[in-house]
Structure formats: C-alpha cells, structure tokens
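Chemist: After the structure tokens below, expect a handful of questions from me.
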Amino acid sequence: MNGFKMALSIRFNVKSVFRYITKNNCPRRLFKAQQSTVTTSTHDERVFSGIQPTGVPHLGNYLGALESWVALQGTFSSVMYSIVDLHSITQTQDPQILRENILDMVASLLACGINPTRSILFQQSQVSQHAELSWILGCLTSMPRLRHLPQWKMKSKQKNEGSVGLYTYPVLQAADILLYKSTHVPVGEDQIQHLELAQDLARIFNNQYGEFFPEPCALLSSTRKVKSLRDPSTKMSKSDPQRLATVFLTDTPDDIVLKIRRAVTDFNSNVTYEPESRPGVSNLVSVHVAVSGQSVEEVVRLADGLDTGQYKNVVAEAVVQKLEPIRQEIQRLRADRGYLESLLAEGAEKARCLAAPVMMEVRKRVGFC
C-alpha cells in the first residue's frame, strides 16, 4: 500500500479477536485471543471509529462493536472515538432529543469501558474540519461511485428518495477517518465498501496533490452478530417495533429475564448450535458465548440435559451478570450532566489540535493558501 509498511511490534492480551481486511499490499493479519504479536506501521498508528447518537446502545452494539473498542485502547497508542452527530441528521431529528442522545451515548461508552485517558472521545460537529475536508473529498469522487454504496441503496430505497446528505454520507465518513490520518478502522462487514471509498479517496488525493494520507486498513471483529430475540432472521435493532426483541444496556435484570424467556426458539427442546436450521436457539447460544467468554462447544456441553426453557434462564443470568454493572454506571453518569459536557469539550479540543495541522496542509496542497 504505497509505502505503508508494517514495523513496530506491540504485545497485547485481549479477549476479542480482530483480523485485518486490507486492500492492495496492506498485510492480512489475525488478532488472536491470547498474547499475540501485531506489527504496526512506520506511520503513527491511529484507530478511528464513530457511532451515531441514537440513544442507549443495545446488546448487539455492545458485543458487536463496543467491547472491541474497549480492547483496542490497550492495543494501539492512539485511539479516537467520535459521536457522529453530523451523520445522524441525514434523518430528521428533534433537537432536544438529539442533545440528550449525545449525552446518553457518552455515558454509555464510558460505562462500557471507553477511557478518556486512553482514547479521545469527542463530538463530531464540534470539529469543523470534518465538514471542510468532506467538501474537498467530495470534489474528488463521482456520483456513480456514491450511487452504488450500501448506505444510499438501502436508505433511499426505504424512502423512495434521499437527501443530498444521505448521498454524500460516505464521503463524510471518509473525511472523519482521513482527517486524523487514521491507519485502522474497526468496521462491520456492511461498512467495508464505505471504507474502500476512504482508501480510494486517500489514493486519489495522494496522486493529485502528493503523498499525504495513509490508506486505512479495516479491522473486523469476529464477534457474531446478535439477532432479534423475536425474529432471529434479522439483526437486533433499536428501531424494532417489538418491545421484547431488543435488550438495551439500561434494561433492568427483570427486563432482561423477561425478554430472554420470551425469545423465539422452536419445538425441539434440546440445546444445539445449528444457525441454519435452528436460528432461535443458536442466537441464544451465540449470546451466551459472547457474554461468558466460553466456546460454543463448552456452552452446548454445559447445557446438556437442559431444555430450552431452562437454558433461557441460564442465558438470562449470564447476560444480567455482564450488563448490570454497565447499567448502574450509565445511571450514575447520566446524573452528572456537567461532567459529560466537560468531557466532550475536552475531547473536542484534543481532536481539533490533531485536525488543524492536517487541514492546514490540505489547504496548502489544494491551493487555498
């Protein structure tokens, strides 16, 4: 990848497994569960990821992304997490609810283990360089390139039309990443094409204005996707109209027990892991594996002799044990609004200090100054 060579070794011990999914010559690696060696580049290593302020995260968000985010703080020396409120207004937002959702997301991230002394946590809209770089990058890409990206195809089809903001959403994502010269981005498989756009835009900018941006590599978590408890053919979602389908990080133990007891399974009372033929019970096994740290084989073996009704109680207990400390910490942090606001202000200042020299150089190269 145009001089992007991997050099410095870092030792780490994390439970989550990551693998590099890369393009061109960026090396493919496997992050192992126990003490593994990961090589890092001659560029300053930096992880960047963002999350929309859509309220308190659910169990799927936590197991699929946030646990990995926490682990990355111990793996990379520079880690940045942004609450991407600019992205959120591609859908109509009530301003007051949006303000509360931003603070709720800050509280949730801190409760899950995001540590502002080990990472930079900030609000995207408070760093104006995101929008400025997005405009410049938008002038380097084409409408056909954006038209085929999943964000536009999925959401514009739902509404039969879409805003300009929705159309250029992936360009702003690319700007979020490149603004900090990020080298690694934790993403889900459905976002790979958007990251490829960031790689392409880095390459296009470098070819036109001289080598400057590294082409970021993707980090894919191996954690299984958590399915809806009421319809295991779909992902767990905040917008699911079925109240019992989604476990939120702020759910009480009683809420969690009720939702898991009502989870859809099938007429076979044995506990097995067969995702294709038994998606409901397999989803419960996946959740149990993720919250307990055990393997599928261990979980199924421990469930031997239990029917699915009894097994649901076991899963519920494991989920409660995992989430109850997080719920209590979210409640504590929500009560201290001043602290959350000051933390965001501090994070924005740190982010601006990193963004300003990058944009100054971009302006010079483009010819603005």
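Chemist: I want to confirm something. Restricting to the range 276-295 and keeping residues that are surrounded by 15 or more Cβ atoms within 10 Å (Cβ to Cβ), free of Cβ contacts under 8 Å to residues at least 60 places away in the same chain and out of contact with any Asp or Glu (no Cβ under 9 Å at 6 or more places or on another chain), which single residue is farthest from Ser228 (Cα to Cα)?
Modeler: Within the range 276-295, the subset surrounded by 15 or more Cβ atoms within 10 Å (Cβ to Cβ) is 278-292, 294.
Now drop any that are not free of Cβ contacts under 8 Å to residues at least 60 places away in the same chain, which leaves 278-285, 288, 292, 294.
The next check asks that each one be out of contact with any Asp or Glu (no Cβ under 9 Å at 6 or more places or on another chain); those that pass are 283-285, 288, 294.
Working: Asn283: 8, Leu284: 10, Val285: 13, His288: 14, Gln294: 22 Å.
The qualifying residue farthest from Ser228 (Cα to Cα) is Gln294.
Chemist: Just checking, which of Ala218, Ala202, Ala198 is closer than 21 Å to Ser49 by Cα and assigned to a strand (DSSP E or B)?
Modeler: Unique residue meeting the criteria: Ala218.
Chemist: As an exercise: evaluate Glu211 against (1) assigned by the TED database to the domain that holds Ser119; (2) outside any loop (DSSP other than H, G, I, E, B) and give the number of the one condition it does not meet.
Modeler: Only one criterion in (1) assigned by the TED database to the domain that holds Ser119; (2) outside any loop (DSSP other than H, G, I, E, B) is unmet by Glu211, namely (2).
Chemist: Moving to a separate point now. Glu189 - would you say it is among the acidic types (Asp, Glu), modelled with pLDDT under 95 and assigned by the TED database to the domain that holds Leu140?
Modeler: Against the criterion (among the acidic types (Asp, Glu), modelled with pLDDT under 95 and assigned by the TED database to the domain that holds Leu140), Glu189 qualifies.
Chemist: If you scan the range 228-263, which residues turn out to be among the acidic types (Asp, Glu) and surrounded by fewer than 21 Cβ atoms within 10 Å (Cβ to Cβ)?
Modeler: Asp231, Asp240, Asp254, Asp255
Chemist: Could you please find all residues in the range 355-369 being surrounded by fewer than 16 Cβ atoms within 10 Å (Cβ to Cβ) and within 13 Å of Ser134 (Cα to Cα)?
Modeler: Residue satisfying the conditions is Arg363 alone.
Chemist: Name the single residue, out of those in the range 317-354 being under 18 Å from Arg99 (Cα atoms) and acidic (Asp, Glu), that is most open to solvent (accessible area, probe 1.4 Å).
Modeler: Selected residue: Glu346.
Chemist: Another question, then. Restricting attention to the range 254-270, report how many residues are in contact with a Gly (Cβ under 9 Å, 6 or more places away or on another chain) and of a type in the set (A, V, I, L, M, F, W, C).
Modeler: Count: 2.
Chemist: Further question on the same structure: Can you confirm whether the range 60-69 contains a residue that is within 19 Å of the chain's Cα centre (by Cα), surrounded by fewer than 19 Cβ atoms within 10 Å (Cβ to Cβ) and at pLDDT 95 or above?
Modeler: no
Chemist: From the list Ile177, Ile260, Ile192, which residue is more than 24 Å from Phe122 (Cα to Cα) and hydrophobic (A, V, I, L, M, F, W, C)? Show your work before the answer.
Modeler: Numbers: Ile177 fails: more than 24 Å from Phe122 (Cα to Cα); Ile192 fails: more than 24 Å from Phe122 (Cα to Cα).
None of the other options fit; the residue is Ile260.
The values are calculated or read from the model by the stated rules, or taken from the named source; none is laboratory data. Predicted model only: the values in this text are computed from it and were never measured. Note: ideal-geometry Cβ built from the backbone for every residue, glycine included; neighbour counts use all protein chains shown. We work out accessible area using only protein heavy atoms, side chains counted, and drop any ligands, DNA or RNA first. Shrake-Rupley method; radii C 1.70, N 1.55, O 1.52, S 1.80 Å.
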